[in-house]
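Just so it is clear, none of the values below were taken in a lab; they were calculated from the coordinates. Computed from a prediction, not measured in an experiment: that's the story for all the values here. Glycine gets a Cβ as well: all are built from the backbone with ideal geometry, and neighbour counts include every protein chain shown.
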Amino acid sequence: MNINKIILKSLLFFLLGFWGQSVYAYALQIVYPKSPNTQIDAVSTFFIGSTTPGASVTINGKEAKVFENGSFVEVVPLKDGFNRFTIESKNGTEKDIFTYIIKKDPKNTQAVPEPELIEFPKNEYLYASIVKNNTPLRAQPNENAQRITHLNTDTVLMIDAKKGDYYRVSLSPVRKAWVRCDSVVGYSTINSKMLATVTDVTVTDDKLYTYIKTPLSFAVPYKITETDTGLTLDLYNIKENPSDTKIFPPTETIKSFAINNVALENKSTYFIELNNKLWGYDVYYENNCLILKIRKTPQIDANYPLKDIVIAIDLGHGGDEYGAVGPTGVKEKDINLDISLKLKEMLEKAGATVVMTRTSDCNIELYERTKLAKKSDALILLSIHANALADGADPYKKHGTAVFYYNKESFELAKTLKNTLVSELSTFDDGVSNYSLVLTRPTMPLSVLIEVAYMIHPEEYALLLDENFRQKAATSIKNGLENYLKSTVNN
Ligand SMILES: [Zn+2]
């Protein structure tokens with residue numbers, strides 16, 4: 001064969017091969033890892049995908065379990081460096097082979113040097129105000145540290161030191177917190193403490209809420225804590241609060257209310273005991289007036305517990321945000337949408353008013369979702385999801401129904417929902433967990449996030465794809481809400 005013939009043959013082969021490939025539909029589909037060349041720094045990852053039902057799948061020669069609908073999920077360990085995986089699907093004479101190269105960086109054991117703490121000269125403070133709502137103050141200068149409180153725009157902070165990307169905030173001479181430097185805008189350095197004065201504290205009511213209003217000379221940081229009987233509110237950088245000697249009479253919501261001013265700590269503490277359980281609260285500034293808004297106990301009819309109750313449903317993800325993707329490629333956002341639409345119908349039939357964060361497949365920002373729920377005066381906010389795991393975990397060990405909450409006031413709701421779902425759906429119990437998420441952090445409405453089942457557990461995925469199961473899941477969520485509301489009637 002002369003050289004020209006070889007070139008011609010190769011060209012033909014290339015063209016035919018190219019053409020052939022473009023029309024050939026692979027039976028084998030891999031939805032995760034997302035790319036055949038990728039980096040994953042975990043002890044293991046998983047291959048999530050599907051093939052023709054009945055076909056066999058091997059990963060580096062090892063047989064994978066293929067489920068009835070063709071789904072497979074296989075955990076594979078990763079070693080440092082390059083990991084090569086050959087995934088082969090065989091169905092009679094049909095054969096698909098994919099190769100994945102996954103790079104894993106060795107664990108960086110070198111300690112990152114701690115940034116230096118720069119304390120400002122004694123009695124010198126930088127005053128700065130917060131630029132974004134829901135800014136956390138943390139216990140330590142790092143993003144994983146515990147959140148002490150969340151503050152809104154224009155709250156004035158007294159700063160006395162800097163460490164790395166964080167400022168140290170002086171809440172009182174004995175209490176410090178940390179805020180990211182880029183969360184505040186500095187406006188002056190003063191050689192003395194700037195403390196706020198309270199003029200008068202009032203308690204008022206409307207149909208749904210009780211308001212405790214504190215007019216201040218400027219917006220200071222605060223911290224609210226749920227107690228067993230109500231709330232404690234700490235106001236920092238306070239000079240004086242003449243209302244600490246005032247006697248507040250009890251109201252429909254408030255059993256007792258007293259203020260304790262600790263001048264030495266520049267702190268004013270409000271002790272609020274409630275007549276009933278907490279149904280939600282919110283703290284915010286209107287100009288320089290701090291408002292603590294407490295939800296009144298709702299009227300619940302034990303026979304029709306959802307009657308006239310406003311429920312906000314947040315449909316997890318949407319639009320460009322797919323959420324988790326199941327082995328055959330179905331997206332979590334679509335599962336969430338369907339369960340939520342079914343739930344809406346069930347709740348409305350039971351007499352509730354339902355507010356949805358989306359009713360179609362579209363993008364919505366996380367904070368827009370909680371804002372909408374709050375604006376609608378909803379009593380309860382449910383965020384509906386289907387779960388997945390990060391690399392390093394094993395979906396055959398961790399799966400089932402889980403409910404997340406963040407604030408103590410929402411714990412009973414989370415627990416009742418999880419128990420109802422697990423018992424009615426016969427799913428594995430994945431527990432109730434305290435998780436700090438945008439959709440679990442609101443203190444009003446009561447907020448929980450439901451993970452109905454796992455998208456990446458093949459049997460649970462098959463359930464999520466089943467219309468009857470999704471209907472049952474919606475019914476169980478409704479039943480869980482009813483169980484919870486009923487349980488509060490005699491408390
Ligand atoms: Zn989700």
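List of remarks:
- Filter on 398/486; 267/374; 65/397; 213/296 - keep pairs with C-alpha separation over 22 Å: 398/486; 267/374
- Two-site FRET efficiency, residue 345 against residue 408, from Cβ-Cβ distance with R₀ of 35 Å, rounded to 0.05: 0.65
- The residue among 417, 428, 354 whose Cα reaches farthest toward the positive pole of the charge dipole of the chain, with charges on the beta-carbon of Lys, Arg, Asp and Glu, is 428.
- Between the helical axis of 332-349 and the longest alpha-carbon principal axis of the chain there is an angle of about 50 degrees.
- Rounded tilt (10° steps) of 366-375 against the dominant C-alpha axis of the chain: 50
- Degrees between helix 467-489 axis and first principal axis of the chain (Cα, 0 to 90, nearest 10): 20
- Judged by the ratio a/c of the largest to the smallest principal axis of the C-alpha gyration tensor, the chain counts as oblate, that ratio being 1.5 or greater while a/b is no larger than b/c.
- Magnitude of the charge dipole for segment 325-440, about its Cα centre and with charges confined to Cβ atoms of Lys, Arg (+1) and Asp, Glu (-1), is about 220 debye.
- Simple point charges give the picture: +1 on the Cβ of Lys and Arg, -1 on the Cβ of Asp and Glu, and for the chain a dipole about the Cα centre of about 540 debye.
- Global geometry of segment 381-464, whether rounded, prolate or oblate, following the gyration tensor of its Cα atoms and the 1.5 cut on a/c: prolate
- Shape call, segment 310-489: gyration tensor on alpha carbons, a/c limit 1.5: rounded
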